[in-house]
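What follows is a short report on a single structure.
The values are calculated or read from the model by the stated rules, or taken from the named source; none is laboratory data. Keep in mind that what you see is a predicted model, and the values were worked out from it rather than measured. Cβ placement follows ideal geometry from the backbone for every residue including glycine, while neighbour counts extend to all protein chains displayed.
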Amino acid sequence: MPIAEYALFDGLGLAELVKNRKVAPIELVDEAIARTEKLNPKLNFLVYKDYDRARAAAKSAVRDGPFAGVPFFLKDIFGFAEGLPTRQGAAFVPLFPWPHDAELTARSQLGG
């Protein structure tokens, strides 16, 4: 799949492409990162960039599930990941690392 077609698919469509080996998860992660870097300066939607962990997860075995192999963002409200900084979605909360994966994260491709 030419990566230019990325935006033509929803998450389930991208997962189907991964399942059928038409695209590798690392290609989707790299495309998501490229689009994030292009759009974030204007939209300011991403606070913490955990690109290394995303790339490592994309290179590991793909888990089963409807969105297997598809990258996604974690909001730091109920989507905490062990060791990643959080303010729990509030600018007045001091930044601190979360001690464990939230249930949402643990059930995702990122979690253990």
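Total residues in segment 69-109 satisfying the condition of being over 16 Å from Asp50 (Cα atoms), modelled with pLDDT of 90 or more and surrounded by 14 or more Cβ atoms within 10 Å (Cβ to Cβ): the figure is 1. Going by the structure shown, is Arg21 part of a loop (DSSP other than H, G, I, E, B), charged (D, E, K, R) and surrounded by 12 or more Cβ atoms within 10 Å (Cβ to Cβ)? No, not satisfied. Does segment 4-13 contain at least one residue that is assigned to a helix (DSSP H, G or I) and under 22 Å from Thr86 (Cβ atoms)? For segment 4-13, residues assigned to a helix (DSSP H, G or I) and under 22 Å from Thr86 (Cβ atoms): absent. Of all residue pairs spaced 6 or more apart or on separate chains, those with beta-carbon atoms under 7 Å, a first member in segment 1-24 that is assigned by TED's automatic domain parsing to the domain that holds Leu39 and a second member that is assigned to a helix (DSSP H, G or I) are Met1/Leu17; Ile3/Glu27; Ile3/Glu31; Tyr6/Glu31; Phe9/Leu17; Leu14/Leu28; Val18/Pro25; Val23/Leu17. Of all residues in segment 33-48, at least one satisfies being under 18 Å from Ala81 (Cβ atoms) and not in a loop (DSSP other than H, G, I, E, B).
Phe45 meets the conditions (1) loosely packed, with under 11 Cβ neighbours inside 10 Å; (2) more than 12 Å from Phe73 (Cα to Cα) in every case but one. The failed one is (2).
Contact annotation: residue pairs with Cβ atoms under 9 Å, 6 or more positions apart or on different chains, pairing a residue in segment 46-67 that is closer than 20 Å to Leu12 by Cβ with a partner that is of a type in the set (D, E, K, R) and assigned to a helix (DSSP H, G or I), are Ala58/Glu27; Ala58/Asp30; Val62/Lys19.
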